Amino acid sequence: HIEYLDIAKGILIILIVVGHSNGPLRNFLYLFHVAAFFFISGVFYKDVYVKAPLQMIYKRIKTLYIPYVLYSALFIALHDTFVKYQIYTQKYGYSTERSHLYSLQDYIFVARNIFTMGQTEQLLVPLWFITCLFIVQMLMLGIDLTITKLKIKPKETVRLFTITAFFIAGMVLSHYGITLQRFIHVAFVALGVFYGGYLYKRSEARI
């Protein structure tokens, strides 16, 4: 089970590289390649986390948050060097933001961004996925804890409608070009795909 999922992740990584090359398959690959990662992550979500939420939070801090912070800290330390040697372009991303040598105030700002999993360095733009995945998993856990705590029934129906509501909200925000900090608007949509992976795992034997 784990082996074929590892193979699938390896293939998806290749497809993401191909998609970012702006080749003829780009639009087709963008329909599913990132979503598939959320789906696979949902496969590994366990109901037992409701009984041991701290266990899941600890795992996600260890596997997502800490690597994010360490990688970001390294690249922030190298920021001025990258600017001096023109490794960073003058203009990047979809905004008018430009690369420049950091002042003390800049370092304070980006340090705060690190610990809140915000966007920081040019070369770390792909880490948006880590932030989004972390939020998705915390949302799923939060929904499950709330339903369990309040003893709402039928649990699965309520969870389905709640996650569907988040999904629709994310789609509406994206449709109108409304973006939220930390990619929360994307996380709302990704939560639905993540939940799809969870449902697949529950029904895998019958599929």
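For the chain, adding -39500 (n - 2.57) for each run of n ≥ 4 DSSP H residues and dividing by the number of residues yields -20500 deg cm²/dmol at 222 nm. A Cβ-based charge dipole, computed about the Cα centre of the stretch 13-114 with Lys and Arg at +1 and Asp and Glu at -1, lands at about 240 debye. Computed with a 1.4 Å probe over protein heavy atoms only, the accessible surface of the stretch 152-199 comes to 56 Å² per residue.
With an a/c value of 1.5 or above and a/b not larger than b/c for the gyration tensor axes a ≥ b ≥ c computed over the alpha-carbon atoms, the stretch 23-149 is described as oblate.
The loop-placed trypsin sites (Lys or Arg not before Pro) in the stretch 137-172, going by DSSP, that have at most 15 neighbouring Cβ atoms within 10 Å of their Cβ come out as K151. For the stretch 1-71, rounded, prolate or oblate, judged on the Cα gyration tensor with a ≥ b ≥ c (square roots of eigenvalues), a/c < 1.5 rounded, else prolate if a/b > b/c? Note, shape of the stretch 1-71 comes out prolate. Derived scalar couplings between HN and Hα for the stretch 74-87 equal 4, 6, 5, 4, 9, 3, 4, 5, 5, 5, 4, 8, 6, 6 Hz in order, rounded to whole Hz, by the Karplus curve 6.51 cos²θ - 1.76 cosθ + 1.60 (θ = phi - 60°), x for Gly and Pro. Taking each residue as 0.36 nm, the span from T179 to I13 lengthens on full extension beyond its C-alpha to C-alpha distance by 57.2 nm. Label point 7 Å out from L150 along Cα-to-Cβ: which residues of the stretch 47-80 have amide N under 12 Å? Residues passing the 12 Å test: none. What percent do you get for the relative contact order of the chain when only Cα pairs under 8 Å and 6+ apart count? Relative contact order here is 26 percent.
Kindly state, to the nearest 0.05, the FRET efficiency for V158 paired with A52, given R0 = 22 Å and r defined as their beta-carbon distance. Efficiency computed from Cβ-Cβ geometry: 0.55. Taking 7 Å steps out from each Cα toward its Cβ at F115 and F82 produces label points 2.2 nm apart. Taking a straight line from the alpha carbon of K155, these aspartates and glutamates sit under 18 Å away, with near neighbours fewer than eight places off in the same chain left out: D47, D144.
Rounded, prolate or oblate for the stretch 118-207? Axes are the square roots of the Cα gyration tensor eigenvalues, ordered a ≥ b ≥ c, and the cut-off for rounded is a/c under 1.5. Prolate is the answer for the stretch 118-207, as a/c is 1.5 or above and a/b outweighs b/c. In order along the stretch 119-131, phi translates into HN-Hα couplings of 5, 10, 8, 3, 6, 10, 3, x, 6, 3, 5, 5, 4 Hz, rounded to whole numbers, per the Karplus curve 6.51 cos²θ - 1.76 cosθ + 1.60 with θ = phi - 60° and x for Gly and Pro. Ligands, DNA and RNA left out, the 1.4 Å accessible surface of the chain is 69% carbon and sulfur atoms.
For the residue pairs K62/K149; K59/K149; K62/K153; K9/K151; K151/K201, alpha carbon separations beyond 30 Å are given by K62/K153; K9/K151.
In this structure the stretch 15-68 gives 61 Å² per residue of accessible area when probed at 1.4 Å with all protein chains present.
The values are calculated or read from the model by the stated rules, or taken from the named source; none is laboratory data. None of the values given here were measured: they were computed from a predicted structure. Note: ideal-geometry Cβ built from the backbone for every residue, glycine included; neighbour counts use all protein chains shown. Ligands, DNA and RNA are excluded from the accessible area calculation, which covers all protein heavy atoms including side chains. Shrake-Rupley method; radii C 1.70, N 1.55, O 1.52, S 1.80 Å.
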